[in-house]
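Student: One structure coming up, written as structure tokens, with questions to follow.
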Amino acid sequence: MEEYYEIRDMFVPFNLPISIDDIEPEEILALTKSDKKMSAGQIRFILLKKVGKAVIDMNVTDEDILNAIKEIHFSEEDEKA
């Protein structure tokens with residue numbers, strides 16, 4: 001998590017987005033499943049184990065995907081909290 005936040009925070013000085021508010025996580029999940037990277041009903045993801053160390057992973061669950069989307073999703077409820 002430390003590397004994640006370090007990388008994410010590097011976006012701020014360049015005015016690059018670190019969150020998004022106009023998405024529906026479930027819709028993104030559905031669109032992801034229609035991607036050409038699907039193989040035998042599973043999505044092939046290229047994930048970073050650490051900076052500079054990418055791996056192919058086909059064991060990402062729907063829950064993992066939704067949690068990742070929700071990490072960058074900023075909603076009105078978040079603003080009120």
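The values are calculated or read from the model by the stated rules, or taken from the named source; none is laboratory data. All figures in this text were calculated on a predicted structure; none of them were measured in a lab. Areas reflect the complete protein model, heavy atoms only, side chains present, ligands, DNA and RNA absent. Shrake-Rupley method; radii C 1.70, N 1.55, O 1.52, S 1.80 Å.
Student: In segment 1-44, how many residues are in a helix (DSSP H, G or I) and within 15 Å of Asn67 (Cα to Cα)?
Tutor: Going through segment 1-44 one residue at a time, the tally reaches 8.
Student: Check whether at least one residue in segment 30-41 is at positive phi and not polar (S, T, N, Q), and report yes or no.
Tutor: Checking segment 30-41: at least one residue is at positive phi and not polar (S, T, N, Q).
Student: In segment 1-30, which residues are closer than 20 Å to Val60 by Cα, at pLDDT 85 or above and either among the basic types (Lys, Arg) or open to solvent by 100 Å² or more (accessible area, probe 1.4 Å) (or both)?
Tutor: Glu24, Glu26, Glu27
Student: Any chance segment 42-50 includes a residue that's open to solvent by 100 Å² or more (accessible area, probe 1.4 Å) and β-branched (Val, Ile, Thr)?
Tutor: Checked against the condition, which is being open to solvent by 100 Å² or more (accessible area, probe 1.4 Å) and β-branched (Val, Ile, Thr), segment 42-50 yields at least one hit.
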